[in-house]
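Input: a single structure, listed below in structure tokens.
The values are calculated or read from the model by the stated rules, or taken from the named source; none is laboratory data. What you see is a predicted model, and the numbers here were worked out from it, not measured in a lab. Cβ placement follows ideal geometry from the backbone for every residue including glycine, while neighbour counts extend to all protein chains displayed.
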Amino acid sequence: MPADFNIKSGGMIRLSIFPLAVLPPLVSLIPLIGTSTNLTVSNMPVYLEGNELPPLLMAPLPNIEPPFVTPGTGTVSVTLPPMNKTILTENGKAIFIKGTPFMAEFQLIAPAMQPTSVSTVPDLVAKKLNMAEFVTTNVMVKEG
């Protein structure tokens, strides 16, 4: 695996939203909070395995996806490939590196609804696959 830049506090995660969907909390880059107690880059803790999602993405998120305009809710999860983690660890946890884009999934808890004159129709697509990527503010320290 080629070396790549460490992800540290101040880095971001960008999620590519599935077509037409609106998830208000995901309109911009979302800041990451490093959790390492021993490793820092520019005096900021690095981001470790087990913290794949920043706190903003851990709670259920509202969403709509036309024609389903009555909001529903869902949760985001990510699956990081080996290219986004180091083999070297801190306390048994891999250190995240910029790596390549990876999969993000939006799992519906309550579907968005399409109002009609007779009733409402739910969005039946329970899982929506998206892409995500780390955006680093670190341009000095590489691992891999």
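Would you please name the residue that is nearest to the chain's Cα centre (by Cα), looking only at residues in region 38-55 that are in contact (Cβ under 8 Å) with a residue 12 or more places away in the chain and loosely packed, with under 14 Cβ neighbours inside 10 Å? Taking the candidates together, the pick is Pro55. Residues that are surrounded by 15 or more Cβ atoms within 10 Å (Cβ to Cβ), in contact with a helix residue (DSSP H, G or I) (Cβ under 7 Å, 6 or more places away or on another chain) and outside any loop (DSSP other than H, G, I, E, B) do not occur anywhere in region 123-132. Taking the numbered list (1) touching a helix residue (DSSP H, G or I) at 6+ places or on another chain (Cβ under 9 Å); (2) at pLDDT below 90; (3) in a strand (DSSP E or B) in turn, Pro25 passes all entries but (3). Out of Val135, Val141, one residue alone is more than 13 Å from the chain's Cα centre (by Cα), within 16 Å of Gly34 (Cα to Cα) and of a type in the set (A, V, I, L, M). It is Val141. Which residue, of Thr79, Thr89, Thr137, Thr70, is surrounded by fewer than 19 Cβ atoms within 10 Å (Cβ to Cβ), at pLDDT 90 or above and of a type in the set (S, T, N, Q)? After ruling out the rest, the residue left standing is Thr70.
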